[in-house]
Amino acid sequence: MIKKVLLLCSVLLIAAPAYAFAHGEMVQAFPEVDSKVLTAPAEVSIEFNSKLQTIGDANINLITVTDNQGQIISSPTSVVEGSKISTRLQLTDITGLVSVHYRIVSQDGHPVEGDYSFTVGETPIMISAGDEESAEAEAAIAQEGGSNLLVNGVGILILIGIVFGVVRRIKK
């Protein structure tokens, strides 16, 4: 019996998809993370890898945008459309570093917070195709860090060990 339980747990560990352990992750942002734009956009938006939860009129998903002085320049409310959240900027004649803070509740029910920034007023730098490919590869590697399969696997193995110990004690 114990061998069957252990075998079943091992098969489930191997067959479980890695994304089952992940929370809502940013897929795309406008303006892009660490980008340089000539003028401030009228709106800031972020798209996530799953639909965002909404609860009536409650503000559980929010984007707050601040200028380089720490002044809030975004609307106090954010708009959620599926997996995308956006907010309008109330002040667009700004320059310098702009910070974006978000707090969302992903489809799995977990709140996720994060920050990123972009710069307004500097001339965007042209990058070559080779640089763009390496930047995309680095971004893909950074996204993989959010779902560390090794850490999750070790946690599941510990859980299997606990189940094994409980089953063994019950049989005695």
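The values are calculated or read from the model by the stated rules, or taken from the named source; none is laboratory data. Predicted, not measured: the structure shown is a model, and the values here were computed from it. Virtual Cβ from ideal backbone geometry, glycine too; neighbours counted across all protein chains shown.
Observations, loosely collected:
- Sole exception among (1) in contact (Cβ under 8 Å) with a residue 24 or more places away in the chain; (2) surrounded by fewer than 17 Cβ atoms within 10 Å (Cβ to Cβ); (3) assigned to a loop (DSSP other than H, G, I, E, B) for Ala58, by number: (1)
- Of everything in the stretch 61-88 that is over 15 Å from Ala29 (Cα atoms) and hydroxyl-bearing (Ser, Thr, Tyr), the residue that is surrounded by the most Cβ atoms within 10 Å (Cβ to Cβ) is Ser74.
- Residue check for Val33: over 30 Å from Gly165 (Cα atoms), modelled with pLDDT of 95 or more, among the aliphatic types (A, V, I, L, M) and part of a loop (DSSP other than H, G, I, E, B): yes
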